[in-house]
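Okay, so here's the structure we're looking at.
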Amino acid sequence: MESVVKVKKSLRRPIRKLTSCVSGVKERKVRGCGRLGKTPPIHAAYNKEPSVSRWYWADLEKERQLREAGNAQKNAERAAMRAHFRRKYQLSKNPKDTNHLNSARGKVSLPHQLAKLIHPETKSKGDGFNLLSAFQGLSFGTPALTGRKRTKRPTLTPARGETCKTIPQRHFVDRGGTMRSTSIHSMCGSGAPLLGVTPQRALCVSAAGTVLGGKEAAKESTGAKKRGVDGRVRGFEEIPHTGRSGWVNLVKFWREDRFRLLHKHMERSFNTLGPIYREHLGTLSSVNIMLPSDISELFRSEGLHPRRMTLQPWAMHRETRQHSKGVFLKNGEEWRADRLLLNKEVMMSASVKRFLPLLDEVAGDFCGMLQARVEKEGRGGEGRRKLTIDPSPDLFRFALEASCHVLYGERIGLFSSSPSVESQKFIWAVERMLGTTPPLLYLPPRLLHRIGAPLWTQHATAWDHIFSHAEARIQKGHQRLSTSQRRENGSGVQYSGVLGQLMEKGQLSLDLIKANITELMAGGVDTTAVPLQFALFELGRNPEVQEKVRQQVKVSWAQAGGDPQKALQGAPLLKGVVKETLRLYPVGITVQRYPIRDIVLQNYHIPAGTMVQACLYPLGRSAEVFDQPHRFDPGRWGRVEGEGGRGGGGKEATGFRSLAFGFGARQCVGRRIAETEMQLLLMHILLSFRLSVSSSEDISTTYTLILLPETPPRITFMKL
C-alpha cells in the first residue's frame, strides 16, 4: 500500500504540469483538495475562468467534429464504391448510400486506388506529361516570369494557447476527374472549419492549390462546376437557345406556322446556333443535338429502362376512356415486362420467319393489281404500256392490308374494286390523329379536355374510331382462334398472326393485348406508306440507282428459287434503299431520351432527367456526317465509312447515323414488320415495273407528327 502512495506522490507534479500545458491554466495550489493533495477537476478550473472554458469546450467540439468527419469519410468511401457497382450493373440506387454521399457534401476524399477504380480516366503521376496541366495554376506575376523579388508569404501560426492539428495528405478527386493532393491545416480554437464539417463556411482547394474559405470558396467551386478543371465544360444555362419564354415561343410557332415545318426549323436552328441548342415551347423543354458522337453519349446513359417523351394527348385519351396503355406509352419495369413478351412475336428472327410469307403474299397481290390497272388504263404499245398516277392511296391500302394480315392473320380485301368504307374511315382517323397531335404536345391536355376545345375533341374522336376498328378486328380474331382450336388435330397449325400468338400464350391480359395491337395498327399504316412514296420517287428520279438495284434483285430472286427470305438476304441494296430513304425523309424527326446520369455534350453540362432529342432530319442532311448528303445513294450503307461518309473510318464514325426506328431496347416495336414490308414491296415492283418521274425537283415536305410530302409525287409505272 505504501508503494502505491509513493508512486502517486511521485506522479503528482508531472500530472499538474501536463494539465497546465494542455489547458493553458497556470499551475496553482488549491486548499481542501483531500488527503493526497489532488488538483481540482479540470472542468472546475474552467468554470472559474469563462474564457478558458470556451477554449476547452471548443477543443472538445473540434475533436468531435474530427471524429464525425472521419466516420463520414469512411461511410462515403464505402457508399461511393457501392454506387459505382450499382451504376455499372444498372441496379437501383440505395437511399442509405445516397445519404452518406450527401453527408460528405459531394467532396469525398477517396484513396488513390479507389479513385482510379471509380474514375478510370483519372491520370496519376506516372501517366505521362500534360502540357496543359503543367501551366494550370501558374501565376504570371511570379518572380520566375517577371523577375521581381520574391516576397515572403505569411504563414499560418496558432495563437497563444492553441494547438495545431494537421489532416494527413489525402487525394481529392474533383468534378473534372483530376486527382489532387493537399494537406489542410486547421487551428483548434481559431474557428477555422474543417472540410465537410460545418455548413457556414467551407474550404476549397483551387486549381492553383490555394486554400480558400467562405464566399471565395463558393465562388471558386461554382466556376469549377461550370467550366471543369480544363476550362471547357460550361453550364446548362449557357447552352444556346431559341428563346427563354416557352409561351412566347409557342405563340411565334403558331403565328409563323412552324409546327408544319418543324424539321426545317430544327435545321435552321442548328445552322444558326451550332450542333446543340435548347428549346422551350409551352410546357415542353428539350436539348436538341444532331451529331453521332453526342447521340452515342446520350444512348450510353439511357439506363436499363430507357425513357422517351410521353405523348400526353395519347396518354390523356387512354385515361379518360379507361383504356390500358401499350408499351409506347409506358415506362419503367412495367414497360420492360410487356416489351420482352412482345419482342418474341414481332422482333425475333423466328417470328419474322413466320410472318414474312404473309407480307410477301400481300406485296405480290398489290403488284398484280397494279399490273392489271396499267394494262387497263395505261398508254403505249403492247408490252410497253405505262401509267402515271399518284400511288399514295394504293400504298395506304397496301400498308393497312399487310398490317392486318400480320397482326390478325386475315386479309380484309382492300385490293378489290370496292374496298370497305370502314377501312377508309380507319385510314382517315389515323391521319386526323397524327395531324392533331403536334399542337397538343405543347398545351396542357387536361385543360383542353375540361373546356372541350375543338382540337382536343377532334383528336379524341379520331382515337375512338381507331379503337373501335381494332376492337372489331380483335373480336373476329378471338372467335376465329377459338374455332381453330376446336378443330385442331395436332398437326400443321397455321400461323394465326401476332394476335393469335399472344392469346395462345396467355402471358398478357386481354386488355394489354388490345392496347398493344391497337398501337401497332395505328403506327403501322402512315409510317410505312409514306416512306414508300419517297422511295418510289427517289428511284424514279435516279434511274442509274434504280437499274443497279433491279439487277441485284433479279439475280437474288433467281437464286432464291421463289423463297422471299433468301431473295431479301441476297439483295442488300434493297435494305440500303430503305435506309437511304429514311435518312433523307425520316418518319419521326426526333428520337428522345432522358439520361439517368449527368452527361456532357458539346462541352455543356446536361443534368440527369433532361429531355434530349436527337434530331434526325438535320442529321441525315448534314455535310459533317455524310459525303454528298443530298445525293440518293443506297450503296453508302454497305461501304467502308471512309468511302461513304465522314469520320475517317472506324466503328465510332459509322454508328448512330441511321436512327429512323430508334435505338436499343426502346427502338420501334414494329421495326421488323415495317422493314420487311417495305423491302418486299420494292422487290416486287422492281421485278415488274420501270419507274420514272416527270420532274426531278426536290419534294416539299410538311410535318404532322410524321414527315409527309406536301404534294404526293406522281410516279410513272412502265411494265418491263
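The values are calculated or read from the model by the stated rules, or taken from the named source; none is laboratory data. Every value quoted in this text rests on a predicted model; they were computed, and no experiment measured them. With ideal geometry, Cβ positions are generated from the backbone for all residues, glycine too; neighbour counts draw on all protein chains shown. For the accessible areas, the whole protein counts, side chains as well, though only heavy atoms, and no ligand, DNA or RNA atoms are used. Shrake-Rupley method; radii C 1.70, N 1.55, O 1.52, S 1.80 Å.
With a 1.4 Å probe and every protein chain left in place, work out the accessible area per residue of region 490-556 in Å², rounded to a whole number.
Per-residue accessible area for region 490-556 comes out at 36 Å².
Which entries of K548/K579; K425/K579; K554/K719; K264/K579; K386/K554; K514/K566 have Cα-Cα distances beyond 24 Å here?
Checking Cα-Cα distances, K425/K579; K514/K566 exceed 24 Å.
Between I451 and K93, what is 0.36 nm times their sequence separation minus the Cα-Cα distance? Round to one decimal in nm.
124.7 nm
Take the solvent-accessible surface of the protein heavy atoms, probe 1.4 Å, and return the percent of it on region 276-435 that carbon and sulfur atoms account for.
So the carbon and sulfur contribution to the accessible surface is 50 percent.
Just subtract the alpha-carbon distance of A372 and A608 from 0.36 nm times their residue separation and send over the number in nm, one decimal.
That pair, A372 and A608, stretches by 79.2 nm at full extension.
For the pair Y495 and E361, how long in nm is the line joining their label points, each one 7 Å along Cα→Cβ?
1.0
Accessible area per residue, 1.4 Å probe, Å², for region 291-406: what's the number?
It amounts to 42 Å² per residue over region 291-406.
Give, to the nearest whole percent, the P(r) tail of region 267-324 beyond 19 angstrom, counting all Cα pairs.
I get 52 percent for the Cα pairs in region 267-324 exceeding 19 Å.
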